[in-house]
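The values are calculated or read from the model by the stated rules, or taken from the named source; none is laboratory data. Computed from a predicted model, the values in this text were never measured in an experiment. Positions of Cβ are generated from backbone atoms using ideal geometry, with glycine treated the same way; all protein chains shown enter the neighbour counts.
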Amino acid sequence: MKRISGVVFLALLCVFPLFAGDFYINLASQILIAAIFAMSLNLLVGYGGLTSLGHASFLGFAAYASAWSTTQMGLGVGTAAVVAILATMVMAGLFGMIALRATGLGFLMITLALSQVLWGLAYRWVAVTNGDNGMSGLVRPAPFGISLDSGASYYWFTLAVFVVSYWLMAIFVSSAFGSALRGTRDQARRMSALGHDVWMIRWITFIYAGFWGAVSGLLYVYYTKYIHPSSLSITASAEGLLSVIAGGSGTLGGPVVGAALLIILKNYASAYVERWNMLLGFVFLFIVLVLPEGIVPGLKRIFSRRQGGQS
Amino acid sequence: MSASVPALEIVNLKKFFGGLPATQDVNLRVMPGERRLIIGPNGAGKTTLFNQITGDFLPTSGQIKLFGADITRLKPHERAHMGLSRTYQIITLFAKDTLVHNVTLGLLGLSPARWNLFKPLDHYQEMEVEARRVLGLVGLGAMADRLVSEIAYGQKRRVEIAMAMAQKPKLLLLDEPLAGLSAEERTTIKELIAAIPKETTLVMIEHDMDTALDLAETVTLLHYGKVIVDGERDAVIADEKTREVYLGH
């Protein structure tokens, strides 16, 4: 049943551009990119119990790395993508070594501080990043010679990457390693007494989350064809965290739903409501009060209670 | 391995919390296969001693050897791979998971499979079969698929023991395995501990003297972080100092 509805939903996503206008197609692309970003953060927050407020580092760094290698180094977009992802993973490895000296609030503060360093660099290191002007004139990749310049073609490309991301992250969380990761979230001390290297498990997860963060960063920079320091800002990290928490951390679908909500509010509501940030605040306040565990687990609970009441 | 190498050897172990001594010059030798009971009043430093053996705390000075190998500075997970396992005085289980998943996490801890990012845990059938077998040994076979949060306190104590036993440890530390149990449940746990094979050396902290003394061959009495009396069970019980410190008559 679950599988069938998944296939139907995927089919609907595939044919979506045939019916929708450009505005909605682009909106959907943005949602898919934000969803990959939120899912990668959820590996840390939901499955590892490591709340990071610096996840935009990975998105922004990969985006800048790609922009810089194509415009300054003259690399092709494809090569630049590989370089950007590898560089982001190396950075995640270093950041992880620093941030994982702590857990809880300490971890959150260190990830925030590290991302602020990158944000500051993006603003100030004008020779490399072009500072506040950002880097423009970027191009999208053309896999197998297929141009991705139209809204619909880029949507399909993003959808394909999203499906692979979702699938691999689903495998990750149910894997032996993923089970150990959840164990470290719930009982870290017991896990090390059982023979699990808790630090190493967290570090590998940090790098793996960095990898998917980098993937979302590449999709983001291809989409906007422009990169600005704001992509590294605390707001960008916080929006990812909000998506995870609102949708339901530690669930696969939660961050996707949370990201969709965030992007829709951001794009759609801002056209009608001037102070859309306030609206965003109210919506998240409502979620926290009514469905404190997040939309996906919250609706599941309400739904199963209804069903239980009827039978 | 020759029988003369102790399973556990502790030499001049000292631990200070700030200026407060928790372990003072503790020396201990536990031979392979031995059943050792550690007794002492509250605050005597029994659990602190366990935490240093497992590596949760590093000692201020001194040495800890496991089957002749110096483990004083090793991390807890490294000690687990050398055959050390423990249970907790305060139940430390994965409450939201099933019993079989709890025991499987113990098996996974010693298996190279724990680094596999791609193969689902439930595809490792040999681990699941083994976890169910061990749960059967502690009488929880029928409840293997229940969540830990749904089972009774006494049953959780048995899961603690099952998790440790599944690892087939060479040295097993039991921290108050009878704490908070009814008389009937104590008998059940006692039988479980008595049935642990001799390949596993046992060191046990326990307050319930009536039950625990039957299980022990040798007894160590700790008081204010010091070993007061140490030796054969009956000799320790008969000792004047034991009566003074512990038995109170």
For B:L135, indicate whether it is at the interface with chain A (Cβ under 9 Å from one of its Cβ atoms) and modelled with pLDDT of 95 or more.
no
Got a sec? Which of A:S136, A:S175, A:S147 is in contact with a Leu (Cβ under 9 Å, 6 or more places away or on another chain) and among the small types (G, A, S)?
A:S175
The lone exception for A:F172 - which of (1) facing another protein chain (nearest Cβ under 9 Å); (2) over 18 Å from the mean Cα position of the chain (by Cα); (3) under 23 Å from A:G254 (Cβ atoms); (4) not small (G, A, S) it fails:
(2)
So for segment A:221-243 (the condition being in a helix (DSSP H, G or I), without any contact (Cβ under 8 Å) to a residue 12 or more places away in the chain and of a type outside the set (S, T, N, Q)), does at least one residue qualify?
no
Of all residues in segment B:65-89, which are more than 11 Å from chain A (Cβ to nearest Cβ) and closer than 26 Å to B:V245 by Cα?
B:Q89
Testing B:A131 on (1) outside the structural domain of B:I53 (by TED's automatic domain parsing); (2) farther than 19 Å from B:G109 by Cβ, one condition comes back false. Which one is that?
(2)
Report whether or not B:R133 is assigned to a helix (DSSP H, G or I), surrounded by 18 or more Cβ atoms within 10 Å (Cβ to Cβ) and basic (K, R).
no
Would you check if there is a residue in segment A:212-235 being within 14 Å of another protein chain (Cβ to nearest Cβ) and under 18 Å from the mean Cα position of the chain (by Cα)?
yes
Within segment A:1-111, which helices (runs of 4 or more DSSP H) (wholly inside it) include 1 or more residues that are without any contact (Cβ under 8 Å) to a residue 12 or more places away in the chain and within 24 Å of A:G250 (Cβ to Cβ)?
A:2-19
Of all residues being assigned to a helix (DSSP H, G or I) and more than 13 Å from chain A (Cβ to nearest Cβ) in segment B:157-178, which is nearest to B:G139 (Cα to Cα)? Just the residue, please.
B:R158
Do we have A:V161 as assigned to a helix (DSSP H, G or I), of a type in the set (V, I, T) and more than 10 Å from chain B (Cβ to nearest Cβ) here?
yes
If you scan segment A:90-107, which residues turn out to be surrounded by fewer than 19 Cβ atoms within 10 Å (Cβ to Cβ) and of a type in the set (A, V, I, L, M)?
A:V90, A:L94, A:M97, A:I98, A:A102, A:L105
